[in-house]
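**Student:** Sending over a structure as C-alpha cells; questions will come in a sec.
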Amino acid sequence: MLNVSAVIATAVNGEGRREVVGFDIVTTEDTAGWTAFLRSLVARGLSGVQLVVSDAHGGIKAAIETVLSGSTWQRCRTHFMANFASRVPKASWPMVATLVRSVFEQPDRDAVWGRLGDVVSKLTETGFVDAAEFLLDAADDILAFSAFPTEHWPKIRSDDPQERLNKEIRRRTDVVGIFPNRPAVVRLVGAILAEQSDEWALGHRSIGPSRSRRHASKARASSTPDQRSKRCMTTPSTATMPSSSFRATRLTRTAAHHDLVHHWLGRDPCLSSGRGRLSANTVERPSTHPEPDSTSFVRGPP
C-alpha cells in the first residue's frame, strides 16, 4: 500500500469567477513534485500569474520561485494563524489573536503596516517576544495582499475556498478508504472537482468584474499579438494552486464530469491563460499498488 497526495490548483478567471485549473496525483509532496505540476500548467498555457496564495510548505514555495518567478507569493492567513498559535500560551491566545487579526482589517496599505508595528510593539511589551519576532519575520509574506486593490483583500489573503474543497475531497475519499490504482483516484477526485467547477461557474464572482476587466484590458493593451492570441486559447482547468486569472472555456453540467475526468486521465489536453490569483494545496489519500504506467497529469476541463 502506498500513500499518495492529490495536488490541486484553482484560479480566478477574467470574469472574476473561481475555477479549478490543475490537478495531479503524486507520491511525494516535495519541491520536485510541485515544480513538475506547475510546469505542466505553464506548458498548457498558464501565464501572467500575478499572485500565488498557499501555505508555507517549502516544496510549494521553491516551486513557485522556480516556475512562477514573476508572481507575488501570499502566505495563507489561516495557515499562518495556526502556526502562530503554537508560539503563544493557550490562555493568552484569544487576546493575541485579536491583536494580530486587527492588522488584516485596516482600510489601506499604510494603515496595515502601521498597525503591524503597533502589534509587534504591544507583544514585545507584554512579554511575547518570540511571537513578536515570528510575526515580524513573516510580515512580507502575510501582508503581500496589501499591494493589490483593497476590494480584493478579503479574497486573496487566504486560500479558505481551497481548504473547503480539500475537506470535501477528504470526506469523499475516506468513504472508499483504499483505491486499487491511480486512475481510480483520478476518477473520483476529478468528478468532485468537476462538480465544484460547475458550482463556481454558476455562483457569485470571487472578485468583482469591474476590476478584473480593467486588468484584462490593460494586459491586452500591453501584449504583443502573439501573447494576445495565447491568452485567448482554449485551456483545461484543475486543482490546488494559488489562483490566477484564466479565460477558460465553461463546461456545461451535462458534459462536465465525463469530459473533465477524461482530461485528467491524460487525454485530449487543452488549456487557457490569463492574469490573476492562484491557490495551492494538497490532499493526502491512500492508494494500493498504483499502476506504474498510469501516472496522470491533470489536463483540466476544456
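**Student:** All but one of (1) over 23 Å from the mean Cα position of the chain (by Cα); (2) closer than 27 Å to Ala97 by Cβ hold for Leu135; which doesn't?
**Tutor:** With respect to (1) over 23 Å from the mean Cα position of the chain (by Cα); (2) closer than 27 Å to Ala97 by Cβ, Leu135 is out only on (1).
**Student:** Does the range 78-99 contain any residue that is open to solvent by 60 Å² or more (accessible area, probe 1.4 Å) and touching a residue at least 60 places away in the same chain (Cβ under 8 Å)?
**Tutor:** For the range 78-99, residues open to solvent by 60 Å² or more (accessible area, probe 1.4 Å) and touching a residue at least 60 places away in the same chain (Cβ under 8 Å): present.
**Student:** State which residue is farthest from Gly22 (Cα to Cα) when the search covers only the range 33-70 and only residues that are open to solvent by less than 10 Å² (accessible area, probe 1.4 Å), over 12 Å from the mean Cα position of the chain (by Cα) and not hydrophobic (A, V, I, L, M, F, W, C).
**Tutor:** Gly59
**Student:** Can Gly58 be described as in contact (Cβ under 8 Å) with a residue 12 or more places away in the chain, of a type outside the set (S, T, N, Q) and in contact with a Phe, Trp or Tyr (Cβ under 7 Å, 6 or more places away or on another chain)?
**Tutor:** Against the criterion (in contact (Cβ under 8 Å) with a residue 12 or more places away in the chain, of a type outside the set (S, T, N, Q) and in contact with a Phe, Trp or Tyr (Cβ under 7 Å, 6 or more places away or on another chain)), Gly58 does not qualify.
**Student:** Further question: Looking at the structure I just gave you, is Val53 among the aliphatic types (A, V, I, L, M) and either at pLDDT 95 or above or more than 25 Å from Phe148 (Cα to Cα) (or both)?
**Tutor:** no
**Student:** Please determine whether any residue of the range 134-142 is of a type outside the set (D, E, K, R) and closer than 30 Å to Ile192 by Cβ.
**Tutor:** Yes, the conditions are met somewhere in the range 134-142.
**Student:** Give the residue that is farthest from Gln106 (Cα to Cα), with candidates limited to residues of the range 130-155 that are open to solvent by 40 Å² or more (accessible area, probe 1.4 Å), in contact (Cβ under 8 Å) with a residue 40 or more places away in the chain and part of a helix (DSSP H, G or I).
**Tutor:** Asp130
**Student:** What number of residues within the range 6-25 satisfy the criterion of being of a type in the set (Val, Ile, Thr) and under 17 Å from Ile64 (Cα atoms)?
**Tutor:** Residues meeting the conditions: 4.
**Student:** Right, Glu163: open to solvent by 30 Å² or more (accessible area, probe 1.4 Å) and either closer than 12 Å to Ile8 by Cβ or of a type in the set (Ser, Thr, Tyr) (or both) or not?
**Tutor:** Judged against the criteria, Glu163 is a match.
**Student:** Would you say Ser158 is surrounded by 13 or more Cβ atoms within 10 Å (Cβ to Cβ), within 30 Å of Val189 (Cβ to Cβ), of a type in the set (S, T, N, Q) and touching a Phe, Trp or Tyr at 6+ places or on another chain (Cβ under 9 Å)?
**Tutor:** yes
The values are calculated or read from the model by the stated rules, or taken from the named source; none is laboratory data. Only a predicted model underlies this, so the values are computations on that prediction, with no experimental measurement involved. Counting neighbours? That spans all protein chains shown, and the Cβs are built from the backbone with ideal geometry, glycine included. Side chains are part of the model used for accessible areas, which takes the heavy atoms of the whole protein and leaves out ligands, DNA and RNA. Shrake-Rupley method; radii C 1.70, N 1.55, O 1.52, S 1.80 Å.
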